[in-house]
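Novice: Shown below is the structure under consideration.
Computed from the coordinates by the stated procedures, all read-outs in this text should not be read as laboratory data. Treat the numbers as computed from the prediction; the structure is a model and nothing was measured. FYI the Cβ positions are ideal-geometry reconstructions off the backbone, even for glycines, and counts take in every protein chain you see.
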Amino acid sequence: MPLSVETGKPLPMGSSVTPMGVNFSIFARYASSITLALFEGANLQNPIAEIKLDPKRNRTGDIWHCHIPGLKAGALYLYRANGPYLPQQGFRFNPHKSLLDPYAKALTSLDNWDLSACMGYKSDDPGKDLSFSEKDDLYTQPKCVVVDDDDFDWQGDVPLNYPLRLSVLYETHVKGLTEAPNSDVAHKGTYQGVIEKIPFFKELGVTSLEFLPIQEFNEREIPRVNPRTGKPLVNYWGYSTVSFFAPKGSYAYDAGPGGQVREFKEMVRELHKAGLEVILDIVFNHTAEGSELGPTFSFRGLDNSIYYMLDENKRYYKNFSGCGNTVNCNHPVVRTFIIDCLRYWVMEMHVDGFRFDLGSILGRDRHGMLMENPPMLERIAEDPILSQTKIIAEAWDAGGAYQVGWFPGGRWAEWNDRYRDEIRRYWRGDGGEMRHLATRLSGSSDLYLRDGRKPFHSINFITSHDGFTLRDLVCYNRKHNGENGEENRDGSDNNNSYNYGFEGPSVNPVIESVRERQLKNFFATLLISQGTPMLLGGDEIGRTQRGNNNAYCQDNEISWYDWSLLEKNAGLFRFVKEMILFRLRHPAFMRPEFYSGRDGNYNAIPDITWFNEEGDHPGWDESSTCLGLRIDGSKAEILADKDDNDFFIMLNSGRKTVDFEISEPLEGKTWVLAVDTNLASPDDICEAGKEKPLFFQDHYSMAGQSMVILISKQKE
């Protein structure tokens, strides 16, 4: 039956189901014409209709729109945009290239996507991108899917939005979590597989899952092979977004059009039922269209000069992302697009927060200069829909910006890489780290106090997806990235790691003993530090990447969770889950304010006091490897919600045993042992109420490279 075309409305953007059909709306300021192509099947080359929109009837301002009666959810579509092809002036319109809707909520499979067909230029032309390709790419292009967001039963679900200071984050990869053969799930590598692992997350005790990018990306964009296996390398991490509103289709068990939207919502709903938040790592700094030699499949073909930062010679792109292009985040149109996207994920997909990859790019103006008060960052922070949503910045970019402690925009939390590096160096035994250690343990006030932010705005982490796993941090002195096909040039050389005498896995019990102890030291330090802790998924079971510190292209056993480690390293897993419980039941480690170092007129001792091993002021001796701290957990005006125990914590990164002097507990109290990382499981950490009494209350003999936590309790 022939399709009728009605005027439609300019808002909302994208495709939206109406009572009578589907409304389509797309922004293209400099286009001379827009054509909407409709399809009956994802693999059909020929559309059932190509509708050229009337600029008088189907255009309002810079937005082209129409309404097609009779269409329903599940319909497939693409666009073509005509206009000037003048690369040196920033225009790259090409009507022979089909374009994805930037607001598309789902895409069909990308498995057969031939990016070479998407090049707007003739790839064999000497001038390359200055030439013009008339090759049609409709046969290979994935299609946009019309999605009806009202067609899902949320069962009363709403975002959980836990306060940051009460959160324990867990960074993980949707596919890698359950793709391994021993993952013991029915739906491996999918959103449903995450649901099947909910009992594991509940036992571990984390509050929030931070997923590596799940917005649609092209896994097959990497042209290299693994030099060891000869197999093609893939984009595993997903930091190369194709479609910002669309969840990754290959992570869904249901391969039908729109199945990924339903399954993502099911995952969020079931995680929320279990008390687990969902935080998305989102990549607004660049897109998968790359440099001037990259493909044209969406933004470049719609309004290249608006969506991207262009160089003075507009043929080229500014590249603050290190990936070929930079999104023009502070253009008003792009700001609206980003806000619309974030609101969609919160309102329609119910996510609880975002981690912004290379977030400093969102603070650059159209010329690439860092702004003092970036409109984009302020708008995200002040948006009323996002007011309770977690917003976490990676406060640097590939263009040299480094804004940790200075990230503008108000209420932003930040990945604190200074915490990562300084805690690593302390436990490695480096000199000169005592003052840094104390600052990081107490919430990094040097970074966050001056602009009114709080300890919980520091996202504390030892490891993340980018770098060594925690197990590899104590097994390798150097990176081993040969399988990435870049001759080991990729990945950081600044790892602050140590192998303790042997590079890689060892059967030496002495080496393995100190490695195990160091793993526990890192976890214990992270979970008693003021700030918001983030664990790298798999560290709690000793996951290894065989020394690869940049496994972005390894969709294989290097990156997948080996679930046999849960049994093999049961003692480590028990230690981590008990440390998480320890943190969450003690508000002294989740303070809403920084330590003052004073007694607040409530207690006889300050809220925090520092000691050396002799019980004196540490003096911050650069050669020292021992630090003690006493925390007063009693309630004061600036403290947390309720009274807590007092704590005496001792850290020794040296190799020698130390007889550590302990300050006296308050009258009527006694010190009991909660944690000693030198002890074997299960004695290394005590369950609540089962802490061990100390024979001596004035000193403790602590082993080298270990950490001890004492709690004060009422004398019996």
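Novice: Which entry in (1) 21; (2) 25; (3) 44 matches percent of Cα pairs over 48 Å apart derived from the coordinates of this structure?
Specialist: (1)
Novice: Rounding to the nearest 20 debye, state how big the charge dipole of the chain is about its Cα centre with +1 on each Lys and Arg Cβ and -1 on each Asp and Glu Cβ.
Specialist: It works out to roughly 1180 debye.
Novice: For a paramagnetic label modelled at 7 Å from the Cα of residue 614 toward its Cβ, which residues of segment 681-716 fall within the zone defined by backbone nitrogen distances under 17 Å?
Specialist: The answer is 699-700, whose backbone nitrogens lie closer than 17 Å to the label point.
Novice: Let me ask another. If I model a spin label as a point 7 Å beyond the Cα along the Cα-Cβ vector, how far apart are those points for residue 697 and residue 435 in nm?
Specialist: Rounded to a tenth, the inter-label distance reads 3.6 nm.
Novice: Setting aside same-chain residues fewer than 8 positions from residue 656, which lysines have a Cα under 19 Å from its Cα?
Specialist: Filter leaves 520.
Novice: Something else about it: Please compute the length gained on full extension between residue 311 and residue 450, using 0.36 nm multiplied by the number of residues separating them and subtracting their Cα-Cα distance.
Specialist: 46.5 nm
Novice: Which FRET efficiency value, to the nearest 0.05, is calculated for residue 254 and residue 62 with the Förster distance at 35 angstrom and r the Cβ-Cβ distance?
Specialist: Plugging the Cβ-Cβ distance into 1/(1 + (r/R0)^6) gives 0.45.
Novice: Here is a further query. Kirkwood Rh over alpha-carbon pairs of segment 595-714, then Stokes-Einstein at 10 °C and 1.306 mPa s: what D in µm² s⁻¹, rounded to an integer?
Specialist: Value of D from the Cα-based Kirkwood radius: 106 µm²/s.
Novice: Have a look at 706, 279, 322 and report the one farthest towards the positive end of the charge dipole of the chain, computed about the Cα centre with Cβ charges (Lys/Arg +1, Asp/Glu -1).
Specialist: The residue sitting farthest along the positive end of the dipole is 322.
Novice: Moving on. Can you figure out the FRET efficiency of residue 382 with residue 512, using R₀ = 45 Å and their beta-carbon distance, to the nearest 0.05?
Specialist: Computed FRET efficiency for residue 382 and residue 512 comes out at 0.30.
Novice: Next question. Do the alpha carbons of any pairs in 52/135; 9/52; 175/577; 202/248; 197/577 sit beyond 18 Å of each other, and which pairs?
Specialist: Pairs exceeding the cut-off: 52/135; 175/577; 202/248.
Novice: If you don't mind, another one. Extension gain residue 125-residue 490, at 0.36 nm per residue separation less the Cα-Cα distance, in nm?
Specialist: 128.3 nm
Novice: Kyte-Doolittle mean at least -0.5 and Cα extent at least 18 Å along the axis: which DSSP H helices of the chain qualify?
Specialist: 332-347, 509-528, 570-584
Novice: Per-residue HN-Hα couplings for segment 101-107, Karplus 6.51 cos²θ - 1.76 cosθ + 1.60 at θ = phi - 60°, whole Hz, x for Gly and Pro?
Specialist: 5, x, 9, 4, 8, 6, 10
Novice: So if R0 is 30 Å, what FRET efficiency would residue 72 and residue 45 give, r being the distance between their Cβ atoms, rounded to the nearest 0.05?
Specialist: That pair, residue 72 with residue 45, gives E of 0.85.
Novice: How big is the dipole moment of segment 169-318 about its Cα centre under a simple scheme where the beta carbon of each Lys and Arg is +1, that of each Asp and Glu is -1, and everything else is neutral? Debye, nearest 20, please.
Specialist: 280 debye
Novice: Counting other C-beta atoms within 10 Å, which of 303, 340, 111 has the fewest, and how do the rest follow?
Specialist: Listing 303, 340, 111 from fewest to most nearby Cβ atoms yields 111, 340, 303.
Novice: Then there is this: Under a plain spin-label model, where a point goes 7 Å from the Cα along Cα-to-Cβ, how far apart in nm are residue 369 and residue 623?
Specialist: A separation of 5.1 nm, rounded to one decimal place.
Novice: Additional query: Starting from the Kirkwood radius over alpha-carbon pairs of segment 14-145, derive D by Stokes-Einstein at 37 °C in a medium of 0.692 mPa s and give it in µm² s⁻¹.
Specialist: D = 212 µm²/s.
Novice: So for segment 303-346, Kirkwood radius off the Cα pairs, Stokes-Einstein at 10 °C and 1.306 mPa s: how many µm² s⁻¹?
Specialist: Calculated translational D: 142 µm²/s.
Novice: Once you charge only the Cβ atoms, +1 for Lys and Arg and -1 for Asp and Glu, what is the size of the charge dipole of segment 14-145 about its Cα centre, to the nearest 20 debye?
Specialist: For this selection, approximately 480 debye.
Novice: For residue 681 and residue 596, calculate 0.36 nm times their separation in residues minus their Cα-Cα distance, and state this gained length in nm to one decimal.
Specialist: Length difference between fully extended and current span is 27.0 nm.
Novice: How big is the Cα convex hull of segment 452-524 in projection, averaged over all directions, in nm²?
Specialist: Its average projected convex-hull area is 6.5 nm².
Novice: Would you work out which of 34, 491, 586 lies farthest towards the positive end of the dipole of the chain, given +1 charges on the beta-carbon of Lys and Arg and -1 on that of Asp and Glu, about the Cα centre?
Specialist: 34
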